[in-house]
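Just below is one structure, and these are the notes that go with it.
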Amino acid sequence: ESQARRLLEESRAEAEQALAAARDESARLAEETRRRTGSEAETARAEAEAILLRARKDAERLLGAASA
């Protein structure tokens, strides 16, 4: 049980780090978007959303695997 708890805590920490990194990257891309215009801005926004979505899915997968 203690090993499972440790693995869960490690997975949760990894998921939190992945989300934090994704938020940082998303914020960076959002700032870049504000400096751009037109279709370039839309592309940068879409990239930021895709990065955040992947990070969320990765975090959910890690937490799901750790809980199993």
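The values are calculated or read from the model by the stated rules, or taken from the named source; none is laboratory data. In this text the structure is predicted, and so the values were computed from the model without any measurement. Glycine also receives a Cβ, built like all others from the backbone with ideal geometry; neighbour counts cover every protein chain displayed.
Points worth noting:
- In segment 40-59, the residues that are assigned to a helix (DSSP H, G or I) reach residues that are exposed (fewer than 12 other Cβ atoms within 10 Å of the Cβ) with C-beta atoms within less than 8 angstrom, at least six apart or across chains, in these pairs: Ala41/Arg34.
- Ala18 passes every criterion in (1) modelled with pLDDT under 85; (2) small (Gly, Ala, Ser); (3) under 16 Å from the mean Cα position of the chain (by Cα) apart from (1).
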